[in-house]
Amino acid sequence: MRCAPNPNGPWHIGHARMPAVIGTYAEEYDGEFIVRFDDTDPETKRPLLWAYDEILDEIDYLGFEPAEVYRASDRLETYYDHARRLIEKGGAYTCSCPAGEFSDLKNDAEPCPHRDKDPETTMAEFESMVDGEYESGEMVLRVKTDIEHKNPALRDWVAFRIIDTPHPREAAEDDRCWPMLDFQSGVDDHLTGVTHIIRGIDLQDSAKRQRFVYDYFDWEYPEVIHWGHVQVDEYDVKMSTSTIGELIEAGDLDGWDDPRAPTLPSVERRGIRGEALVEAMVGLGTSTSNVDLAMSTVYANNRELIDDEADRYFFVREDHADFTLAGEPPETASPPVHPDHEDRGTRDIDPGNRVRIEEPDVPADGERVWLKGFGCFRRDGETFEYAGDDIAAVREEGVDVIHWVPADSATLTRMRTMDGDVIGYAEPGFREADPDEVVQFERVGFARVDRQEADDETVAYFAHE
RNA sequence: GCUCGCUUGGUGUAGCCCGGCCAAUCAUAUUGGCCUUUCGAGCCAAUGACAGGGGUUCAAAUCCCCUAGCGAGCACCA
């Protein structure tokens, strides 16, 4: 099976579906995962040089290793050869009709005057196309199908056209005669041994078109299924490479991996495992109707993958209140690193003499609250009076357990989320957390440590609750 | 307009090809309970769907027809 991306930008979440499904199926049925860059339009779908490797990185992030990687722009000679063979069989003709005129004829099921050209003339004109002797739009090579076919989309479609804009890849920058997707992809699928094709409903007619070529060559067409579009909920930004690119250009997004962008680099940066995405994508199946991917499904998958290893930390978000400690609380608090793994020990926090908690957690005056891993406190105005360490207060008397940080030694932390940045304070030990580590801020959610800034700020990317 | 296709709970999915075992599977979600020094994890329970209408049949989510809604193609884009 193959994944045939156009390398015109990094991938959005929807792009993960193809590698996820064919990768999973290839593993399951001992098949092969091929990547083929269908980069045959240097103009309107202009490839970006850096996107080739970017896409391969994203496939790697998803957990797959392609058996082969092809670039259509390396294979022009192959396409030309097949075009020549097709011409010899009388299956194609060069046509110099202006596009609009041909379209009118086609819609009336009328052949154009070039259709009955002899193969020799076509061959000569095609060689001129390859040699760059025509300008863009002057000449195309059409596959001779059935000009009266009831579906106008299938009538004598274009196989090769001239594009004056040089291809961005150096290896192909001198080429001007480019195959259309249906020709290139059809030839490649057969030549590279693809047995099963999955593609979008927008390419519903491709198989029907390509079958004409397959019939000329007496090839057997692969199994093909079409699936609908995927939409992803929870994002404000439209899942489209060009839209995201424009927002980045306009400065509304920081880059392709901005947490607000529905892209693969973004979810990766948030600490979401490729595997979580793959499972969710495979779960969508391959139906022809459009589907909505609920991010909650991805999050549920991810939570299962990371919960066990994510160390716990306290993180107090921006609306906060400070309380001076009174009474005689313990000198250090020792909440566990992970509640389900005692062997990982505790993190020892020196509370100092003031603690900071989130505004919604502030108890009414005179009421108690349990600072997790520390002890029970009764609020008296602006102070917290130590009220012992008898857990019965929580278990039997309904005192709330909340997270907190020492007000004086907490470390400034910026948490980047899908809804914008959240500034807050993490417990001091978070300053030592290693970039790329996935942690859980207790009662807040999971996040990936992104970097430790020199100005004492730690940056984390929020994953999900 | 012409051509092709789709429609199972909030979301996704199984079942549809080969009608009965489907008062419809599983996951996610939501809600409630238990447990827990997290609103995480775990456990339990509840909620909730065959687009509508005809027909065939002893029997239809499954077959046929119609209607509605949605989508795609009709490019010298992929």
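The values are calculated or read from the model by the stated rules, or taken from the named source; none is laboratory data. The structure presented is a predicted model; accordingly, all values stated were derived computationally and were not measured. Positions of Cβ are generated from backbone atoms using ideal geometry, with glycine treated the same way; all protein chains shown enter the neighbour counts.
Details
- Residue check for A:ARG303: more than 25 Å from A:THR243 (Cβ to Cβ), near RNA strand B (Cβ under 10 Å from one of its atoms) and part of a strand (DSSP E or B): no
- Among the candidates A:GLU427, A:GLU432, A:GLU457, A:GLU453, residue that is within 15 Å of A:ASP311 (Cα to Cα) and either assigned by TED's automatic domain parsing to the domain that holds A:ARG273 or under 32 Å from the mean Cα position of the chain (by Cα) (or both): A:GLU432
- Qualifying position, being surrounded by 13 or more Cβ atoms within 10 Å (Cβ to Cβ), outside the structural domain of A:ARG414 (by TED's automatic domain parsing) and under 24 Å from A:ASP436 (Cβ atoms), among A:LEU293, A:LEU277: A:LEU277
- Matching entry among A:GLU331, A:GLU397 (being part of a loop (DSSP other than H, G, I, E, B) and within 14 Å of RNA strand B (Cβ to nearest atom)): A:GLU397
- Selected residue [of a type in the set (Lys, Arg) and outside any strand (DSSP E or B)] from A:ARG416, A:ARG451, A:ARG443, A:ARG378: A:ARG443
- Qualifying residues in the stretch A:63-106 (those that are assigned to a loop (DSSP other than H, G, I, E, B) and among the basic types (Lys, Arg)) - the one modelled with the lowest pLDDT: A:LYS89
- Residue in the stretch A:157-174 that is in a helix (DSSP H, G or I) and in contact with a strand residue (DSSP E or B) (Cβ under 7 Å, 6 or more places away or on another chain) present: no
- Any chance A:THR192 is more than 11 Å from RNA strand B (Cβ to nearest atom), of a type in the set (S, T, N, Q) and on the phi < 0 side of the Ramachandran plot: yes
- Restricting the stretch A:445-457 to residues that are at pLDDT below 95 and closer than 20 Å to A:HIS320 by Cα leaves a set whose member that is farthest from RNA strand B (Cβ to nearest atom) is A:ASP456.
- Residue check for A:ALA172: crowded, with 20+ Cβ neighbours inside 10 Å and among the small types (Gly, Ala, Ser): yes
- Selected residue (only one of A:HIS341, A:HIS403 is modelled with pLDDT of 95 or more and of a type outside the set (D, E, K, R)): A:HIS403
- Residue check, A:PRO360 surrounded by fewer than 19 Cβ atoms within 10 Å (Cβ to Cβ) and near RNA strand B (Cβ under 10 Å from one of its atoms): yes
- The residues on offer are A:GLU135, A:GLU125, A:GLU77, and the sole one that is under 25 Å from A:PRO166 (Cβ atoms), of a type in the set (Asp, Glu) and buried (at least 17 other Cβ atoms within 10 Å of the Cβ) is A:GLU125.
- A:GLU396 vs. criteria out of contact with any Asp or Glu (no Cβ under 6 Å at 6 or more places or on another chain), at pLDDT below 90 and on the phi < 0 side of the Ramachandran plot: yes
- Residue that is nearest to RNA strand B (Cβ to nearest atom), among those in the stretch A:1-31 that are in contact with a strand residue (DSSP E or B) (Cβ under 6 Å, 6 or more places away or on another chain) and among the small types (Gly, Ala, Ser): A:ALA4
- Criterion: near RNA strand B (Cβ under 9 Å from one of its atoms) and not aliphatic (A, V, I, L, M) - qualifying residue of A:PHE212, A:PHE160: A:PHE160
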